[in-house]
Amino acid sequence: MNMPSIPVGRYTDIGQGQQVHYHEAGGGEVVVFLHGAGGGASGYSNFKGNYPVFAAAGYRAIVPDLLGFGLSSKPDLPMYDLDFFVDGVARLLDALGIERCTLLGNSLGGAVALGLALARPATVARLILMAPGGVEDLDTYLAMPGIANMFAVYKAGKTGPEAMREVMRLQLWDPSLLTDEIIAERAPIAATQTQAARSVMKVPNMTERLHELRCPIFGFWGVNDQFNPVDGAMKLVRHAPQARIVLVNRCGHWVQVEHREMFNRQCLDFLQRG
C-alpha cells in the first residue's frame, strides 16, 4: 500500500457513506480553511504554512480536504458543483459540532465560503477570502491564462510530477516558490481524483447576492493572478457591506504562500479586532 504524500490527520464520517479528511490544531474560536481546486489539491498543501500560526495564536484551526480532493471521499459524479462542496462542508461542521466559525477560503474554497455564508449566515461569523471564485461568469474564468493552461494539460492526458508542474506554472508570481515539495505532495493525490475533479465545475456567479452578506469580510487578491481576475476585488467591496480587500503586487493566485508572513499577520489582526 502506498503511503499518502501528505501527513494523515483525522477522518470524520459526514453521512451518505462519505468521509472528510482534515487536520486540526489549537483550541478556541474556530477557523475553517477551505482550499482551492486543481490537480492534487488538499488543505494541508494549501495551508501548511498558515494554520499552525493561527493555532499558536489561540484559534482552533480545522483544515479539511474538500470532497473529491486530498484524502477525503471522491464521489464519482458527472460533475461537481458549488452545492456539492457547500453541502460537504456543512455536514462536516455538523459532524464536528461546530455551530459558528470563521471561514477562510482560497479560489474554489473562497466560492464555497461565500456559498455557505449565503446558505447558513448564522454559522459564519467572518469570512477571509483569497481571490475567491464565484464572482464571475464561467466564460471569464475559462479565458484566464492559468485556467486555460490547466485544462490544456488535462486534455493532453499528461500525468505525473512534470504534468503537475506544468499545471501549476502560472499559479505563483515567483516560480521559485513552486517547490519540488509541493509537486511531490500533489502529484500522487492527483492520480486518485475522479474526472469530475479535473473538469469544469458549476459555480454560479454570486455577485448579485453579495449584498446579503452581513458578516465582516477581509481578503486578499494578487494583482498578478492568472486564474481569477483581480477585478473581482472591486465586486466584493462594492457589493458586500463589510468587505475590505488588500491588493498585493508581485503576487499570483496563492497569497498565503507567496506572502505568508504578511497574510498570517493581517488575518490574525482582523480576527483579534473582532
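The values are calculated or read from the model by the stated rules, or taken from the named source; none is laboratory data. Here the structure is a predicted model, which is why all the values come from computation and not from measurement. All Cβ positions, glycine included, derive from the backbone under ideal geometry; neighbour counts span all protein chains shown. Quick note on the areas: whole protein, heavy atoms, side chains included, nothing else; ligands and nucleic acids left out. Shrake-Rupley method; radii C 1.70, N 1.55, O 1.52, S 1.80 Å.
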Which condition number does Asn106 fail, the rest of (1) over 16 Å from the mean Cα position of the chain (by Cα); (2) more than 12 Å from Val31 (Cα to Cα) being met?
(1)
What pairs come out if I take residues in the stretch 230-254 that are in contact (Cβ under 8 Å) with a residue 40 or more places away in the chain and pair them with residues that are of a type in the set (Ser, Thr, Tyr) and not in a helix (DSSP H, G or I) whose C-beta lies under 9 Å away, six or more apart or interchain?
His253/Ser107; Trp254/Ser107
Tell me which residues, restricted to the stretch 105-126, are under 11 Å from Ala90 (Cβ atoms) and either without any contact (Cβ under 8 Å) to a residue 40 or more places away in the chain or in a loop (DSSP other than H, G, I, E, B) (or both).
Leu116, Ala119, Arg120, Thr123
Please work out which residue is farthest from Gly38 (Cα to Cα), limiting yourself to the stretch 174-210 and to residues that are more than 18 Å from the chain's Cα centre (by Cα), assigned to a loop (DSSP other than H, G, I, E, B) and not polar (S, T, N, Q).
Asp174
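Take the conditions more than 18 Å from Arg186 (Cβ to Cβ) and either surrounded by fewer than 23 Cβ atoms within 10 Å (Cβ to Cβ) or aromatic (Phe, Trp, Tyr) (or both) and apply them to Ala55. Does it pass?
Values: more than 18 Å from Arg186 (Cβ to Cβ): yes; either surrounded by fewer than 23 Cβ atoms within 10 Å (Cβ to Cβ) or aromatic (Phe, Trp, Tyr) (or both): yes.
Here the answer is yes, as Ala55 does meet what is asked.
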So Gly146, is it in contact with a His (Cβ under 6 Å, 6 or more places away or on another chain) and not basic (Lys, Arg):
no
Just to be sure I understand, how many residues within the stretch 76-100 are within 15 Å of Val20 (Cβ to Cβ) and touching a helix residue (DSSP H, G or I) at 6+ places or on another chain (Cβ under 7 Å)?
5
Strands (runs of 3 or more DSSP E) lying entirely in the stretch 1-66 (those with 2 or more residues that are within 22 Å of Leu129 (Cβ to Cβ) and in contact (Cβ under 8 Å) with a residue 60 or more places away in the chain):
18-25, 29-34
Go through the stretch 174-228 and give me each residue that's farther than 25 Å from Asp83 by Cβ, touching a strand residue (DSSP E or B) at 6+ places or on another chain (Cβ under 7 Å) and surrounded by fewer than 17 Cβ atoms within 10 Å (Cβ to Cβ).
Val223
Failed criterion for Asn2 (all others in (1) open to solvent by 10 Å² or more (accessible area, probe 1.4 Å); (2) among the polar types (S, T, N, Q); (3) more than 30 Å from Leu142 (Cβ to Cβ); (4) modelled with pLDDT of 95 or more hold):
(4)
Among (1) open to solvent by less than 20 Å² (accessible area, probe 1.4 Å); (2) out of contact with any strand residue (DSSP E or B) (no Cβ under 7 Å at 6 or more places or on another chain); (3) in contact (Cβ under 8 Å) with a residue 60 or more places away in the chain, there is one condition Val153 misses while meeting the rest; what is its number?
(3)
Residue under evaluation Phe84, criteria (1) in contact (Cβ under 8 Å) with a residue 40 or more places away in the chain; (2) of a type outside the set (Asp, Glu); (3) farther than 22 Å from Thr159 by Cβ, criterion not met:
(1)
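What residue, of Ser72, Ser42, is over 13 Å from the mean Cα position of the chain (by Cα) and either open to solvent by less than 10 Å² (accessible area, probe 1.4 Å) or modelled with pLDDT of 95 or more (or both)?
Ser72
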Take the conditions open to solvent by less than 40 Å² (accessible area, probe 1.4 Å), at pLDDT 95 or above and of a type in the set (Gly, Ala, Ser) and apply them to Ala25. Does it pass?
yes
Starting from the stretch 160-173, keep only residues that are among the small types (Gly, Ala, Ser), then list their pairs with residues that are in a helix (DSSP H, G or I) whose Cβ atoms are within a distance under 9 Å, requiring at least 6 positions of separation or different chains.
Gly160/Ala187; Gly160/Ala190; Ala163/Val153; Ala163/Tyr154; Ala163/Ala187; Ala163/Ala190
